[in-house]
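What follows draws every value from the coordinates through simple rules; no lab data is involved. This structure is a prediction, so every number in the text was calculated from the model and none was measured. Here the Cβ positions follow ideal geometry from the backbone for every residue, glycine too, while neighbour counts run over all protein chains shown.
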Amino acid sequence: MGYQVLGNESVLLEKQWQNIETEFFVAIGDNWTRHLVVEKIRTMIPEAVFARGIDPNAMVGSSVIIGSGTVIMPGVVVNACSKIGDFSILNTRSSLDHDAIMNDFSSLAPGVVTGGNVHIGKFSAIGLGAHIIHGIRIGEQVVVGAGSLVNKNLDSGKVYYGIPAKEIRTRVAGDKYL
């Protein structure tokens, strides 16, 4: 996307960032790990500014709010009046329909489709090609498996998959899902 790759967070201490107008971007797919690295950078460089990465082939509607550190990949569609929190990822050809909310550190895998007025909780990950119908609320720290159909609200701290999506097990912050 045209950004210079600096390396991992240890490189930050080797530079004199105070006098350079640099925006950072954390390119880590796992929501919880991305959160940990962002917090580490914020501790090391409290004045750090995080870039938004929006591919020119994405379609972003009017009145959409996009948080810092968020990336929107090619072919993504974000419809009007949606809100995307900080450090979220919308992967290739995913769609977030009108008036939806994606909270901080949440992610849509490639091909995810959501209806309007969907609310995705902090640190939640929606798997490849999953579909979420209109008006659904997904809690925090939720993983929705690939190809699932979400047709009811999902409680926080759980893994769901299937058609329709069913609770499979519980999870805690930091559990790997990739």
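Here are a few things to note about the model shown:
- Of the residues Arg42, Arg34, Arg137, the one that moves most in a GNM of the chain with alpha-carbon contacts below 10 Å is Arg42.
- Between Asn57 and Leu149, the C-beta separation translates, for a Förster distance of 41 Å, into a calculated FRET efficiency of about 0.90.
- Equivalent-ellipsoid semi-axes for the stretch 80-178 (Cα gyration tensor, √(5λ), whole Å, largest first): 18, 14, 12.
- Taken about its Cα centre, the chain carries a charge dipole of about 540 debye when Lys and Arg each add +1 at the Cβ and Asp and Glu each add -1 at the Cβ.
- Where only alpha carbons of the chain are counted, the Rg and the Dmax (Å): 16.3, 53
- Computed from Cα atoms, the angle from the helix 31-44 axis to the main principal axis of the chain rounds to 20 degrees.
- Alpha carbon centroid spacing (whole Å) that separates the stretch 95-118 from the stretch 17-84: 15 Å
- Highest-MSF residue in the chain out of Leu36, Leu149, Leu90 [GNM, Cα springs under 10 Å]: Leu36
- Beta bridges assigned by DSSP with both partners in the stretch 38-178 are antiparallel in approximately 10 percent of cases.
- Placing R0 at 25 angstrom, the Cβ-Cβ distance between Asn117 and Arg169 gives a FRET efficiency of 0.35 after rounding to 0.05.
- Length gained when the stretch Val49-Cys81 is fully extended (0.36 nm per residue, less Cα-Cα span): 9.1 nm
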